[in-house]
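The values are calculated or read from the model by the stated rules, or taken from the named source; none is laboratory data. This one's a predicted model, so the numbers in the text were calculated from it and none came from an experiment. FYI the Cβ positions are ideal-geometry reconstructions off the backbone, even for glycines, and counts take in every protein chain you see.
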Amino acid sequence: MRIFVSFLALCLVGVFAEDPIKDVNKDFVKACLVEQGFDPQLYPTGLRNAKVPEKQEQAKNCYYACMMKKMNLMKADGSLNEDALRQKFNLNLDTLGKALNTCKAQAKADTCKLAGCLMANRGA
């Protein structure tokens, strides 16, 4: 019985810790990499958790904004589609709410900085 309870607990942790944006369209990844000046062959799975040179940090943030727009999480004007974000992050609404408040305050009108901040604070 103890083993079953431990196994169940591990399964639940796995479900709640899952990154809600791990499975993305590879065409989106490639298009956004090229748009921001990254070589798709160097980053075949995109820039999530990738280290880039410091001088490319803003381009990395703009890559995230591009991806968010393609995934309908950010509108073309750079404003967030908060309904879509809540739906995508439905298991992590508390974390999402905190990230939205923090990132909106930090980024002001910089949509790339907003996207980079949300990626850094997505809780996964």
Positions within segment 33-50 being surrounded by fewer than 17 Cβ atoms within 10 Å (Cβ to Cβ), over 15 Å from the mean Cα position of the chain (by Cα) and outside any helix (DSSP H, G or I), in sequence order: 37, 39, 40, 41, 42, 44
Can you find even one residue in segment 88-99 that is at pLDDT 90 or above and outside any loop (DSSP other than H, G, I, E, B)? no
Sole residue being within 21 Å of residue 113 (Cβ to Cβ), at pLDDT 90 or above and in a helix (DSSP H, G or I), chosen from 30, 69: 69
What are the residues in segment 86-123 that are under 10 Å from the mean Cα position of the chain (by Cα) and under 23 Å from residue 58 (Cβ atoms), if any? 115, 116, 117, 118, 119, 120, 121, 122
Every listed condition ((1) under 21 Å from residue 27 (Cβ atoms); (2) at pLDDT below 90) holds for residue 124 save (1)
